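Reading through the structure tokens given below for one structure.
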Amino acid sequence: MADTNMLMWFFTSYLGINPSQGCTNGCGYCMLERDVPNPTKVTKKETAKYTLEAIMKDKRVSKRNPLALYNLSDPFLKDNLGDLLYILEGMENKGQENIVVLITKLNPDKVAPQYKALDRIAKFKHLRPVIMVSYANAPKEVEPASKTDRLELMATSKELKIPVVQYTRPLWEGWTPMDKVHEMAEETAHLVTSVVVGGIVMTDSITQRLKKRGVPIPPWGNEKGRYMDEKFKRSVIDAYKKRNPDIGVFVNSSCGISHALKIPNYMGYYRHFSSKSPVGYCQRYCHPAQRERCGSAEPPIRKLDGLSQEDREKEEGKVQLWMDKFNASRSYFNICDGYIEVFFRMAEQEARWMRQHTGVFVYSPYNFKNFEHRPTFF
């Protein structure tokens, strides 16, 4: 759960920067109420000028770590668009090289054409923007945003060579049956580089909201998390592969973003998933080129075995600076092949901060459930 009083907050895959919060798109499955006090109203928390200055000064922002702007809202809402462009162009002018994820259901050239937003974003030479278009072909009662505008956004982004990922969440067969899946794949498989598929989290409040809209309601509760039937998931992936055999289909956002940018996975997940796999390599839904890209890339922090004393100290220093930052200078850590074990109880924000900056997966008592690869750790 995000602390919405904070301008910056580490989410699972990126540092979220939210000068405003709340959204008027009106989706029936909206999760913002979990984090935002007044989720259907856009409330400005900080000015664009202050936000840009904070980005340039805050130690949680490096030159390259992944960011998401307005992920507690929609970056292309009319209330946000001018400020978004001010911030992005300010970062670009200062030479920032961050991945910047923009998750949206809106086409900015339709919302406020006077800004020429997509043309301006396409001109960036330093920043690495990725537009994640949220589209699961659900009924308008569930997801009111214009389908046509989103398809046009994908097409324009492709034409302008802006990496575009279809954020195909939430998928549920009761809202997007297979005929609608095939329709969706036909519409988008040639427009996007990556597709990220996933299910829906159900809460009591979402159930009540959907009841008022008179739509079918998924029959599970919050304990299943972002649930999606595995057979249905496989059918969705097959539908996309049939339309475009070369498309990358993923279940993790960071994997889809990495593939769109043609970089090794920036979250260190490849080694994490490999370490949990009985065959010793990542078996997540992927693309052959991306699997090779992640598997052959040298980890940003190398395992110490076989290194000279000088190189060992260099690699250890990359981890020690985080121990010092978190006031755990004397804590033990172990550098493994593509991941790090840290033997102190990190806070959630610390673990995400370290992982997103180092690019390697971090195991600690915070995420002890992930220590399945080391059952004797505790």
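For the chain, carbon and sulfur atoms together expose 50% of the accessible surface, with a 1.4 angstrom probe and every protein chain in place.
If you plug the beta carbon distance of Lys241 and Gln208 into 1/(1 + (r/R0)^6) with R0 = 25 Å, you get a FRET efficiency near 0.10. Decide, for the chain, between rounded, prolate and oblate: order the square roots of the alpha carbon gyration tensor eigenvalues as a ≥ b ≥ c, take rounded if a/c falls under 1.5, and otherwise choose prolate if a/b is larger than b/c, else oblate. Note, shape of the chain comes out prolate. Solvent-accessible area of Val111, all protein chains in place: 40 Å² (probe radius 1.4 Å, heavy atoms, ligands and nucleic acids excluded). When the helices of the chain are scored as -39500 (n - 2.57) per DSSP H run of n ≥ 4 and the total is divided over every residue, the value at 222 nm lands at -11000 deg cm²/dmol.
3J(HN,Hα) along the stretch 126-143: 10, 4, 10, x, 10, 9, 9, 8, 7, 7, 10, 6, 7, x, 4, 5, 8, 9 Hz, from the Karplus curve 6.51 cos²θ - 1.76 cosθ + 1.60 with θ = phi - 60°, whole Hz, x for Gly and Pro. Per-residue accessible area (protein heavy atoms, 1.4 Å probe) orders Arg352, Arg64 as Arg64, Arg352, starting from the largest. On the beta carbon distance between Asn5 and Asn222, with R0 = 41 Å, the FRET formula returns roughly 0.95.
Taking a ≥ b ≥ c as the square roots of the eigenvalues of the Cα gyration tensor of the stretch 185-338, is the shape rounded (a/c under 1.5), prolate (a/b larger than b/c) or oblate? Cα axes put the stretch 185-338 in the oblate bin. Using the Karplus relation 6.51 cos²θ - 1.76 cosθ + 1.60 with θ = phi - 60°, the per-residue 3J(HN,Hα) values for the stretch 302-308 come to 7, 4, 7, 4, x, 8, 5 Hz, with x marking Gly and Pro. Judged by the ratio a/c of the largest to the smallest principal axis of the C-alpha gyration tensor, the stretch 109-153 counts as oblate, that ratio being 1.5 or greater while a/b is no larger than b/c.
With a 1.4 Å probe rolled over the protein heavy atoms of all chains, the accessible area of His272, His357 falls in the order His357, His272, largest first. Residues in the stretch 269-274 carry Karplus couplings, in order, of 5, 4, 5, 5, 5, 5 Hz; the curve used is 6.51 cos²θ - 1.76 cosθ + 1.60 with θ = phi - 60°, and Gly or Pro positions show x. Each residue, Gln283 and Arg120, gets one label point 7 Å from its Cα in the Cβ direction; the gap between the two is 4.8 nm. Only bridges with both residues in the chain count here: give the DSSP antiparallel percent, nearest 5. Roughly 25 percent of the DSSP beta bridges within the chain come out antiparallel. The residues of the chain expose on average 46 square angstrom of accessible surface per residue, using a 1.4 Å probe on protein heavy atoms.
Across the stretch 226-378, Cα pairs under 8 Å and at least six residues apart give a relative contact order of 20 percent. The accessible-area ordering, largest first, of the residues Val319, Val42 stands as Val42, Val319, per a 1.4 angstrom probe.
Please compare each pair in Lys57/Lys116; Lys105/Lys224; Lys41/Lys94; Lys276/Lys303; Lys158/Lys242 to a cut-off of 23 Å on the Cα-Cα distance and tell me which ones are over it.
Exceeds cut-off: Lys57/Lys116; Lys105/Lys224; Lys41/Lys94.
Full extension of the chain between Arg64 and Glu46 yields a length gain of 4.2 nm, computed as 0.36 nm times the residue separation minus the alpha carbon distance.
The values are calculated or read from the model by the stated rules, or taken from the named source; none is laboratory data. Keep in mind it's a predicted model, so treat the numbers as computed, not measured. Because the Cβ atoms are built from the backbone with ideal geometry, glycine has one as well, and the counts that use them run over all protein chains shown. Note: areas computed on protein heavy atoms with side chains; ligands, DNA, RNA excluded. Shrake-Rupley method; radii C 1.70, N 1.55, O 1.52, S 1.80 Å.
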